[in-house]
1. How far, in nm, would the chain grow between TRP342 and LEU272 when pulled straight, counting 0.36 nm per residue and subtracting the alpha carbon separation?
2. Rounded, prolate or oblate: which fits the stretch 271-360 when a ≥ b ≥ c are the square roots of the eigenvalues of the alpha-carbon gyration tensor, with rounded for a/c under 1.5 and prolate only if a/b beats b/c?
3. Keeping every protein chain in place, order HIS91, HIS46 by accessible area at 1.4 Å, biggest value first, i.e. largest first.
4. What does the accessible area per residue of the stretch 53-130 come to in Å², with a 1.4 Å probe and no ligands, DNA or RNA counted?
5. Quantify, in whole percent, the carbon and sulfur part of the accessible surface of the stretch 254-343 (1.4 Å probe; protein heavy atoms only).
6. Just the number please: accessible area per residue for the stretch 257-362, 1.4 Å probe, all protein chains included, in Å².
7. What order do TRP298, TRP342, TRP50 take when sorted by accessible area (1.4 Å probe), most exposed first?
8. Let me cross-check ILE361: its accessible surface, 1.4 Å probe, with only protein heavy atoms counted, in Å² to the nearest 10?
Amino acid sequence: MRSRSPTTSATRLVDAKKKYTLAAFFLCVSLVSFTVQTELAAYIQHELGWNKAYCMLYLTHSSWIFLWPLQLAFLRLRARDRPWAQFWRRHVWLVRTTAQMVQRQELDPPRGHAAASPWAYLARTTAFVTASLTVAGLSWYLAVSMTTPSDLTAIYNCSAFFAYAFSVPLLKERLRADKSFAVAVAIVGVLVVAYGDGKEHTPPAGDGAAAKVLSGSSRLWGNLIIGAGSVLYGLYEVLYKRLACPPEGTSAGRGVVFANTFGSLIGGFTFLVLWIPLPVLHVLGWETFEPPTGQTAWLLFISVVMNMVFSGSFLVLISLTSPVLSSVAALLTIFIVAVVDWFRTGQPLSAAALLGGLLIIAAFGMLSWSTWREMAEDERRRRQVDLSGDDEDGDDSDKGDD
């Protein structure tokens, strides 16, 4: 008789522990890098006057192209005793087979003639996902001069709700009362931060670009645009998980490597294609192209690097966990940026900011606990399947003895 359950369950437990340890690490990295990026971007636009929304979007997203080379250098450093040719073949094989797993959504990549090249699929997926991300990001910059900072913060960060809404049909995620409640609490926390004390705040901007808001009669249109952007950003997170992440059960190491590789593809597509609007905006006079100089250039460079670090960490976080957990985790930056502003400016947190921040933290805790419970339930179901398989093997063995 075979006994598969103990070994299989123990292996899955180790893999799950490694996955969520890495997820916790990349969550911390993403929170710190996003906070630094947001503060620098706000200073560049408000204090230094370099207010070039699309150019900043282009630079920040293009910087993702360096994720894969930096990752390759890190991996090479860890395997420096291995010959380069062997290391390179292993890395290409890993990326290629993971891409095949992503395309087929199967844990066992095909072999031989059945192993079709995944590069055409990756090219199409990169263009599609990058378009969703860019349109969602642009909605922020379009609405930023049409509506209020409070509306901008509240509506854009409802993307956590839309990420959950899209996860149910696209990722076949079960609709759970505890998850729905946690997402609702997170959105209430955002609303409290945005509207709780009746004052207008400059929010942390989408993709790290805070901008000056001019309220007026166009507020309704601005809210509609940022509402569409919130929907699209939630869709982008789910599409990335559905189309560009390996299936559940993939090792954490594969997930991390492929997430950064796909991030580089997004950066490459942005760099090679999305420069086209820059001269158009310049000719039309909507955004005059002026290269940054001096202090502005240095601070912009650091902000772009921080965006690259945040984005790479966030892609890894979605790959290892879920779009919903990652989206709610990103809301923690609202409270963290407010705390940093408190220390930087000396202006204490308002009661609304404190209460809203605590609600967001509580929502993240509830969602994390719900995710852990769901994972434990899945593991129990797998054990039952393994045990039923053992029972069938035992019955067959008994029949053979007879």
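1. 21.2 nm
2. Oblate, since a/c reaches 1.5 and b/c is not below a/b.
3. Greatest to least solvent exposure: HIS46, HIS91.
4. 58
5. Percent of accessible area from carbon and sulfur atoms in the stretch 254-343: 79.
6. 45
7. So the residues, ranked largest to smallest area, are TRP298, TRP342, TRP50.
8. In the full protein context, ILE361 sits at about 80 Å².
The values are calculated or read from the model by the stated rules, or taken from the named source; none is laboratory data. Computed from a predicted structure; not experimentally measured. When the accessible area is computed, the model is the full protein with side chains, heavy atoms only, and any ligands, DNA or RNA have been set aside. Shrake-Rupley method; radii C 1.70, N 1.55, O 1.52, S 1.80 Å.
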